[in-house]
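Colleague: Shown below is the structure under consideration.
The values are calculated or read from the model by the stated rules, or taken from the named source; none is laboratory data. These figures come from a predicted structure and were not determined experimentally. Here Cβ is always computed from backbone atoms with ideal geometry, including for glycine, and neighbour counts include all displayed protein chains. Heavy atoms of the whole protein, side chains included, go into the accessibility calculation; ligands, DNA and RNA do not. Shrake-Rupley method; radii C 1.70, N 1.55, O 1.52, S 1.80 Å.
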Amino acid sequence: MSGRGSQAPLGGPMGGPVGGRTRDPVRVLIVEDSTVVRQLLAHIVAQDPRLALAGAVASAEEALRDLRRIRPDVISMDIRLPGMDGLEATRRIMAEQPTPIVVVSDAVADSSLRISMNALRVGALSVVEKPIGFSSRNYAAVAETICTQLFIMSQVPVIRRRPIGQAEPAARPVTESAAMPQRHPSILGMAASTGGPPALARILGSLPADFPVPVLLVQHMGAPFMEGFASWLDGIVPMTVRIAPEGERPLPGHVYVAPGDRHLVLSPAGTLRLLDEAPVGGQRPSANLLFQSLARVAGPAAAGVLLTGMGEDGAQGLTELRRAGGFTVAEHESTAVVYGMPAAAVRMGGVSVSLPLEMVASRLLRLVPAGAVRELRP
């Protein structure tokens, strides 16, 4: 992708010279019903040289009314609003005037978490914590996370979402560089970042409850949201989804989600391991570490899927998995919200096949057909 699809890493560059000129600050519209939080968010935005406050409103109705006049580059969206909530507002904005949306949510309230996850499904790009109830040190970190997410997500090209029930587009291209493997995998790794939750929901939602191999999953998201993300996913897909427990042997029909602050790997004994090691390439959990562990432990008995996301996390690990004999899938550029991670894997030669999102589940069902379950023997 070009233009707004540039692959800035988390904690990316401050505003500054770009191509010999100064980049204009990103224009932010804040939608938040609490006066205190709205003013706090406005203050946070105003303190960051990458950002400029384009407007601050107390309701979704005001945001929709002012959207064409303000024309923000990115929206900070509260999820619990009077009248129309943030989920419906996100749906309306993505249908009428697509604009990058960052959900700013209370990570404690279960109802807010569910609405936030559904907002990601209808077009919001990421979710971050509200800057309330923190010590001064933690507040600074949360404020920096909010600003960085607003800046980065403003660069993501977004598209108009089709109303539910409208016909799917014609079949998209497939880039294939390897035939189906002769051996059925006995474990599957998946990883995603920006745009990942709806992509994962679509793929896992198309797999049966008795899918014959376990799935190990890395999704880049703030640590406070990971329990809610796993719970949300568990409620909408047939397989059992939970946060990965230390030391357990993964079971078929289960999806094990990496915690938000620890790496998830497969141990030489074939059990789940959670590591407190430093971030890898700025990420913890790291998709690279997950795929690398599958390459070492399972080799040709493993498969990997790398979906939409900024940066290059997962690309090196997927490449190592393919070299070890594993079958590897990357999301095709035609459907990826951000084609950063899959593109890096393609460049490195780590991809057996590139598929649009709607074709990934069917390929996995061909790869691991019913009755093909085998015990993983490291």
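Colleague: Anything in region 38-50 that is open to solvent by less than 50 Å² (accessible area, probe 1.4 Å) and more than 17 Å from A141 (Cβ to Cβ)? List them, or say none.
Modeller: R38, A42
Colleague: For region 20-53, enumerate the residues that are in a loop (DSSP other than H, G, I, E, B) and in contact with an Asp or Glu (Cβ under 7 Å, 6 or more places away or on another chain).
Modeller: Matches in region 20-53: E32, D33.
Colleague: I'd like the residue in region 284-335 that is among the charged types (D, E, K, R) and over 16 Å from the mean Cα position of the chain (by Cα) and, out of all such residues, is surrounded by the fewest Cβ atoms within 10 Å (Cβ to Cβ).
Modeller: R323
Colleague: If you don't mind, there's one more thing I want to ask. Please go through (1) part of a helix (DSSP H, G or I); (2) over 14 Å from the mean Cα position of the chain (by Cα); (3) closer than 26 Å to A344 by Cα for I203 and return the number of the only condition it doesn't satisfy.
Modeller: I203 satisfies every listed condition except (2).
Colleague: Working carefully through the options I146, I152, I132, I115, find the one that is open to solvent by 20 Å² or more (accessible area, probe 1.4 Å), touching a Leu at 6+ places or on another chain (Cβ under 9 Å) and in contact (Cβ under 8 Å) with a residue 60 or more places away in the chain.
Modeller: I132
Colleague: Say we look at region 96-111 and pick out the residues that are among the acidic types (D, E) and at pLDDT 80 or above; which of these is nearest to the chain's Cα centre (by Cα)?
Modeller: Taking the candidates together, the pick is D106.
Colleague: Which condition number does P238 fail, the rest of (1) free of Cβ contacts under 8 Å to residues at least 24 places away in the same chain; (2) in a loop (DSSP other than H, G, I, E, B) being met?
Modeller: Checking P238 against (1) free of Cβ contacts under 8 Å to residues at least 24 places away in the same chain; (2) in a loop (DSSP other than H, G, I, E, B), the one that fails is (1).
Colleague: Hey, does region 175-188 have a residue that's of a type in the set (S, T, Y), touching a strand residue (DSSP E or B) at 6+ places or on another chain (Cβ under 8 Å), modelled with pLDDT under 85 and surrounded by fewer than 23 Cβ atoms within 10 Å (Cβ to Cβ)?
Modeller: yes
Colleague: Another question about this same structure. Failed condition for M94, given (1) open to solvent by 30 Å² or more (accessible area, probe 1.4 Å); (2) among the hydrophobic types (A, V, I, L, M, F, W, C); (3) touching a residue at least 60 places away in the same chain (Cβ under 8 Å); (4) farther than 25 Å from G260 by Cβ, with all others met?
Modeller: For M94, the failing item is (1).
Colleague: Whether any residue in region 69-76 is over 16 Å from S154 (Cβ atoms), open to solvent by 10 Å² or more (accessible area, probe 1.4 Å) and either touching a residue at least 60 places away in the same chain (Cβ under 8 Å) or not basic (K, R) (or both) is what I want to check.
Modeller: Within region 69-76, none of the residues are over 16 Å from S154 (Cβ atoms), open to solvent by 10 Å² or more (accessible area, probe 1.4 Å) and either touching a residue at least 60 places away in the same chain (Cβ under 8 Å) or not basic (K, R) (or both).
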